[in-house]
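All of the numbers you see were taken from the coordinates with simple rules; none came from a lab. Just so we're clear, the structure is a prediction, and the values are computed from it rather than from any experiment.
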Amino acid sequence: MNETSWLIELENMCIHFSELGVVQRITDMTLSEKWGLYKFLQRLV
C-alpha cells in the first residue's frame, strides 16, 4: 500500500468516526501517529 492510498482511507475513516474528534487534530499529527490512528480505526471498521 502506498502512502497516498492509506492517507486517503484514513481521511475517510476520520470522517466516518468524526464523533471521536480526530478530524480537528489530524493535521497536527506526524506520519507515524497517523499510521497508528489508521491501524486503530481499521479495527473499528
- Note on the structure: Of the candidate values (1) 5, 23, 38, 26, 6, 1; (2) 5, 20, 26, 26, 10, 6, 4, 2, 1; (3) 5, 27, 40, 23, 4, 1, the one computed for P(r) over Cα pairs in 5 Å bins from 0, in percent from this structure is (1)
- Applying the Karplus parametrisation 6.51 cos²θ - 1.76 cosθ + 1.60 with θ = phi - 60° to the phi angles of the range 4-9, what ³J(HN,Hα) value in whole Hz is obtained for each residue in order, glycine and proline being reported as x? 5, 5, 6, 5, 5, 5
- Rounded to the nearest 500, the 222 nm mean residue ellipticity computed for the chain from DSSP H runs (n ≥ 4, each -39500 (n - 2.57)) alone is -20000 deg cm²/dmol
- Task: With θ set to phi - 60°, apply the Karplus curve 6.51 cos²θ - 1.76 cosθ + 1.60 along the range 28-45 and write out the HN-Hα couplings as whole Hz, x wherever there is a Gly or Pro.
- Result: 8, 7, 6, 4, 5, 5, 5, 4, x, 5, 4, 5, 5, 5, 4, 6, 7, 6
- Note on the structure: With Cα springs under 10 Å, the Gaussian network model of the chain assigns the largest mean-square fluctuation among Glu19, Glu33, Glu11 to Glu19
